[in-house]
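The values are calculated or read from the model by the stated rules, or taken from the named source; none is laboratory data. Model, not experiment: these values are computed from the prediction. All Cβ positions, even for glycine, are placed from backbone atoms using ideal geometry, and neighbour counts span all protein chains on display. Accessible surface is based on the protein model in full, side chains and every heavy atom, while ligands, DNA and RNA are left aside. Shrake-Rupley method; radii C 1.70, N 1.55, O 1.52, S 1.80 Å.
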Amino acid sequence: MKKELLIVDGYNMIGAWPDLVALKSHDKIEAARDLLLVLLSDYAAFRQIEVWVIFDAQFVPGIQETYEEYNLKVVFTKEKETADSYIERTVSDLATPLTQVTVATSDLAEQWIIFQRGALRQSARDLYRAIQKSQSESLEFSQEYQKLMQRKRTPWEAEQIKDLKRLLDDLSQHE
């Protein structure tokens with residue numbers, strides 16, 4: 001089975017997803033980055049895929065940094081390097097018969113380049129919808145699990161419990 005790797009153009013998502021756009025418009029770019037990482041972390045865990053988030057640091061001298069946070073790989077590009085150029089280079093290195101790379105960006109030129117290099121492409125909007133669907137499925141799964149655990153706590157079937165309650169009520173009335 002192929003390993004799945006999702007590479008996300010971080011600022012592209014921040015400029016497209018409603019909650020992140022709202023934070024950015026209130027000069028809360030750090031909060032927008034953090035929320036993006038939390039959402040992607042939950043998505044990665046539920047879908048069991050690896051996710052890398054790439055942020056441009058081309059205009060911020062000396063910030064180049066790569067670290068793990070929320071079980072994601074987070075990359076701030078080096079000075080004078082765009083997220084697009086980093087992603088293009090990375091796709092060329094990682095798209096193999098054993099690794100399926102998908103790049104999330106709404107930059108059409110970037111989508112064509114990464115597609116030519118063997119990766120799949122996903123728009124910011126499509127990833128946003130996938131995350132919403134994943135959240136819904138996760139909630140549904142959690143609710144089903146809770147129901148299952150409640151049933152496992154008792155050796156009685158629902159109909160047997162109703163019968164026992166009726167018997168208890170009958171006995172209580174005869175006292």
Given the stretch 81-175, what helices (runs of 4 or more DSSP H) lie entirely inside it while holding 2 or more residues that are touching a residue at least 12 places away in the same chain (Cβ under 8 Å), in contact with a Phe, Trp or Tyr (Cβ under 7 Å, 6 or more places away or on another chain) and small (G, A, S)? 124-152
Among the candidates L20, L5, L37, residue that is under 18 Å from Q100 (Cα atoms), modelled with pLDDT of 95 or more and touching a Leu at 6+ places or on another chain (Cβ under 9 Å): L5
Go through the stretch 148-175 and report how many residues are modelled with pLDDT under 80, more than 24 Å from Q48 (Cα to Cα) and loosely packed, with under 10 Cβ neighbours inside 10 Å. 7
Are there any pairs, at least 6 apart or on different chains, whose C-beta atoms fall under 9 Å, with the first in the stretch 17-31 and farther than 17 Å from D56 by Cα and the second open to solvent by 100 Å² or more (accessible area, probe 1.4 Å), and if so, which? W17/R125; A22/K28; L23/E30
Taking the stated definitions as given, is I131 farther than 21 Å from Q48 by Cα, among the β-branched types (V, I, T) and surrounded by 15 or more Cβ atoms within 10 Å (Cβ to Cβ)? no
Search the stretch 38-57 for residues being of a type outside the set (G, A, S) and more than 11 Å from V8 (Cβ to Cβ), and hand back the single one that is surrounded by the most Cβ atoms within 10 Å (Cβ to Cβ). D56
